[in-house]
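The values are calculated or read from the model by the stated rules, or taken from the named source; none is laboratory data. Computed from a predicted model, the values in this text were never measured in an experiment. Here Cβ is always computed from backbone atoms with ideal geometry, including for glycine, and neighbour counts include all displayed protein chains. We work out accessible area using only protein heavy atoms, side chains counted, and drop any ligands, DNA or RNA first. Shrake-Rupley method; radii C 1.70, N 1.55, O 1.52, S 1.80 Å.
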Amino acid sequence: MLKNPDSIAATFMVFAGAIGFVLMFLAQAKAQVLNAYSSSLCLSNMSDALLGWRPGRVTFVVLANVIALLMLYGHILELVEQWIKLLGVLLSALSSVIIMDYYIVAKRLGKVDPSEQINWAGVISLITAVVLAHWVFKPWQPIEVLSSIATVTVVYPILRLRLLRPRCK
């Protein structure tokens with residue numbers, strides 16, 4: 001249980017004992033109530049604005065919970081989690097391209113011709129880093145962010161300074 005990084009709540013319960021269990025139970029209950037009520041308000045406002053239908057909040061609390069259960073049954077949370085991980089890898093690669101471009105490549109490259117619209121070395125590095133980190137290197141290096149940063153660090157300067165060197169002033 002303690003070796004699972006997704007089990008922060010379980011770790012808290014192990015270390016805090018019964019008090020940790022009660023606190024986690026109450027925290028989950030509070031989160032569920034807030035989520036159900038907020039989603040019911042959203043559904044209520046949406047149905048009122050689109051259809052002029054106002055059956056009451058209790059109806060929408062039940063409807064929101066039914067929708068939530070269907071989403072759990074359809075494994076929507078796993079898909080959202082995968083999408084967020086992919087966005088994290090993409091953002092780390094993009095940040096790495098920006099940092100590499102500003103601190104390393106720009107100093108060696110000089111002033112770039114302003115007619116250059118797209119930094120193709122950056123685009124190719126970004127796509128390469130995401131593909132390699134998320135699909136190719138994942139079995140050997142499960143921390144995808146580190147793989148994407150390392151890939152950009154190696155690929156971007158080579159592309160920008162050698163293979164796809166822009167015209168300079």
When the chain is treated as a Gaussian network with springs between alpha carbons less than 10 Å apart, the largest mean-square fluctuation among 56, 88, 122 is found at 56
Show me, bin by bin at 10 Å from 0, the whole-percent P(r) of segment 66-140 based on Cα pairs. 16, 33, 24, 16, 7, 3
Which distance in nm do the two modelled labels at residue 158 and residue 143 give, with both placed 7 Å along the Cα-to-Cβ direction? 2.3
Quote the accessible area belonging to residue 43 in square angstrom, nearest 10, computed with a 1.4 Å probe and with ligands, DNA and RNA left uncounted. 30
Most fluctuating of 40, 115, 95 in the GNM of the chain (C-alpha, under 10 Å) is 115
With the crude spin-label approximation of a point 7 Å out along Cα→Cβ, what separation in nm comes out for residue 102 versus residue 127? 2.6
List the chymotrypsin sites (Phe, Trp or Tyr not before Pro) within segment 87-169 that DSSP assigns to loop and that have no more than 16 neighbouring Cβ atoms inside 10 Å. 140
In segment 126-169, carbon and sulfur make up what percent of the accessible area (probe 1.4 Å)? 71
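Let me know the Kirkwood hydrodynamic radius for segment 42-97, please, with Cα pairs as the basis and the value in Å to one decimal.
Details: mean 1/r = 0.0718 Å⁻¹.
Evaluated over segment 42-97, this radius sits at 13.9 Å.
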Values of log10 I(q)/I(0), in the order q = 0.24 Å⁻¹, for segment 19-64 under a Debye, Cα-only, solvent-free model: -0.75
Might you tell me the accessible area per residue for segment 91-152, computed with a 1.4 Å probe and given in Å²? 63
Heavy-atom accessible area with a 1.4 angstrom probe orders 100, 24, most exposed first, as 24, 100
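For residue 33 and residue 83, what is the calculated FRET efficiency with R₀ set at 22 Å and r taken between the beta-carbons, to the nearest 0.05? Write down the numbers at each step before the final one.
On the way: r = 26 Å, r/R0 = 1.20.
That gives a FRET efficiency of 0.25.
In debye, nearest 20, what is the charge dipole magnitude of segment 41-169 about its Cα centre with +1 on Lys and Arg Cβ and -1 on Asp and Glu Cβ, if you could check? Mind dumping the intermediate values first?
On the way: 12 positive and 7 negative charges, 131 e Å.
Dipole magnitude for segment 41-169 comes out near 620 debye.
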For labels at residue 135 and residue 51 in the simple 7 Å Cα→Cβ model, what's the distance in nm? 4.1
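Helix-derived [θ] at 222 nm for the chain: sum -39500 (n - 2.57) over DSSP H runs of at least 4, divide by residue count, nearest 500?
Working: 6 runs with 117 residues, N = 169.
My calculation for the chain gives -23500 deg cm²/dmol from helical runs alone.
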Could you give the length gained on full extension between residue 23 and residue 65, defined as 0.36 nm per residue of separation minus the Cα-Cα distance, in nm? 12.8 nm
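At a 1.4 Å probe, what is the % contribution of carbon and sulfur to the accessible area of segment 1-125? Present the calculation step by step, with values, prior to reporting the outcome.
Details: 6770 of 9490 Å².
Roughly 71 percent, rounded to a whole number.
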Could you rank 126, 146 by how accessible they are, 1.4 Å probe, largest area first? 146, 126
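Whole-Å semi-axes of the chain's equivalent ellipsoid, largest first, each the root of 5 times a Cα gyration tensor eigenvalue? Before the final figure, lay out each step's value.
Details: eigenvalues 421, 128, 37 Å².
Over the Cα atoms of the chain, the semi-axes work out to 46, 25, 14 Å.
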Once Lys and Arg get +1 and Asp and Glu get -1 on their Cβ, which of 28, 18, 80 lies farthest toward the positive end of the dipole of the chain? 80
